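Structure record follows, encoded as structure tokens.
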Amino acid sequence: MGPGVEASTQKRRIEALYAQLLSAYGPQGWWPLSSRAGKRGFDGRGYHPRAYVHPRTAGGRFEIVMGAVLTQSSSWTNAESALDRLRNAGIRLPSDVRSCTRGRLARLIRSSGYFNQKARKLKEVAALFRAAGSLAREAAPSRVELLSCWGIGPETADSILLYAFHVPSFVVDAYTRRLLSRTGIIEDDRQDGYDDVQRIFHDALPSAHELFNEYHALIVEHAKQHCRARPVCTGCPVRVCRYRDGLPRAASP
DNA sequence: CGCCAGGTGGGAT
DNA sequence: ATCCCACATGGC
């Protein structure tokens, strides 16, 4: 939190931002599942957006884990087509990943980018979730345990905790930093580390996974529609922001 | 064509 | 602790 900014002010800003985003975009219903989720072996008929059915099976949960890795620094559509190819190849459980060669995995997930690295990452998370029952709802791994896995950093760890296991751990991504920076809630998107930004949300909000789920999803939707790298400010529902029509302005009071 | 996309790990300073 | 870079495809 910036110097001189009261915690109650910070809390109001975070709450107001959520209200504006929810009002503008409506409930997002994350996590998005692969486009054919609902066919055999997968739970949830729905698909992103706004048709979320929370995962009940190990396969559904592990698909979220794989999706969280595949979408690292790449678009969801690219990650999703990789998920589709994994599903079509019958790869939906850690054991399926383990019995697939690294090279074949890389070929299947080519569209997600960084495919050699990500093939290794899938191997690593498959090893992490190897134990029977490790994907059970009540067997959520600890954050430290996730972070100790090669290929899982703080954002991926929190995505897995929140969206696969419903543990209320707020997900901070590049979009979150950009939005908080532009609205003046943080100084700039480099100043604060991951845990600092996460703490802003944890301090301001009740610790509820449904709320954290929606808030992060709304930030992503908002970042795609308006708060892009090159801002699209026409029709932007966020009232306090130092940009208008792509031009930097002085921070609002 | 250049920029951007729901990061992470490793190495140099 | 903090920069800097490799990793790579696809959409606009």
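The values are calculated or read from the model by the stated rules, or taken from the named source; none is laboratory data. Please read these numbers as outputs of a predicted model, since none were measured by experiment. Cβ coordinates were reconstructed from backbone atoms using ideal geometry, including for glycine residues, and neighbour counts include every protein chain displayed.
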* Asked: Within the bounds of segment A:227-236, is there any residue that is outside any loop (DSSP other than H, G, I, E, B), within 16 Å of DNA strand B (Cβ to nearest atom) and crowded, with 18+ Cβ neighbours inside 10 Å?
  -> no
* Among A:Arg87, A:Arg56, which is the only one that is of a type in the set (Lys, Arg) and more than 23 Å from A:Ala217 (Cα to Cα)? -> A:Arg87
* Any hit, segment A:167-190, residues being of a type in the set (Phe, Trp, Tyr), in contact (Cβ under 8 Å) with a residue 40 or more places away in the chain and crowded, with 22+ Cβ neighbours inside 10 Å -> yes
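Results for (1) of a type in the set (Lys, Arg); (2) more than 12 Å from DNA strand B (Cβ to nearest atom); (3) under 30 Å from A:Gly133 (Cα atoms), shown as yes or no for each residue.
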residue: A:Gly153; (1), (2), (3): no, no, yes
residue: A:Ala157; (1), (2), (3): no, no, yes
residue: A:Leu162; (1), (2), (3): no, no, yes
residue: A:Val171; (1), (2), (3): no, no, yes
residue: A:Tyr175; (1), (2), (3): no, no, no
residue: A:Arg178; (1), (2), (3): yes, no, no
residue: A:Arg190; (1), (2), (3): yes, yes, no
* To do: Could you tell me whether segment A:108-117 includes any residue that is modelled with pLDDT of 95 or more, within 28 Å of A:Leu205 (Cα to Cα), in a helix (DSSP H, G or I) and not hydrophobic (A, V, I, L, M, F, W, C)?
  => no
* To do: Can you tell me which residue among A:Ser8, A:Ser74, A:Ser23 is in the same structural domain as A:Thr183 (by TED's automatic domain parsing) and modelled with pLDDT of 95 or more?
  => A:Ser23
* Assess whether A:Ala58 counts as being within 18 Å of A:Pro141 (Cβ to Cβ) and either more than 11 Å from DNA strand B (Cβ to nearest atom) or in contact with a Pro (Cβ under 8 Å, 6 or more places away or on another chain) (or both). => yes
* Structure fact -> Log entry, pairs with first residue in segment A:124-146 being among the β-branched types (Val, Ile, Thr), second being assigned to a loop (DSSP other than H, G, I, E, B) and surrounded by 13 or more Cβ atoms within 10 Å (Cβ to Cβ), beta carbons closer than 7 Å, six or more apart or on different chains, reads A:Val125/A:Cys149; A:Val125/A:Gly151; A:Val125/A:Ile152
* Structure fact -> Of A:Ala223, A:Ala204, the only residue that is among the small types (Gly, Ala, Ser), out of contact with any strand residue (DSSP E or B) (no Cβ under 8 Å at 6 or more places or on another chain) and crowded, with 19+ Cβ neighbours inside 10 Å is A:Ala204
* Structure fact -> Checked segment A:144-166 for anything away from DNA strand C (no atom under 16 Å from the Cβ) and either polar (S, T, N, Q) or surrounded by fewer than 18 Cβ atoms within 10 Å (Cβ to Cβ) (or both); matches are A:Glu145, A:Ser148, A:Ser159, A:His166
* To do: Quick one: A:Pro206 ticks every box in (1) within 16 Å of DNA strand C (Cβ to nearest atom); (2) in a loop (DSSP other than H, G, I, E, B); (3) modelled with pLDDT of 95 or more except a single one, so which number is it?
  => (1)
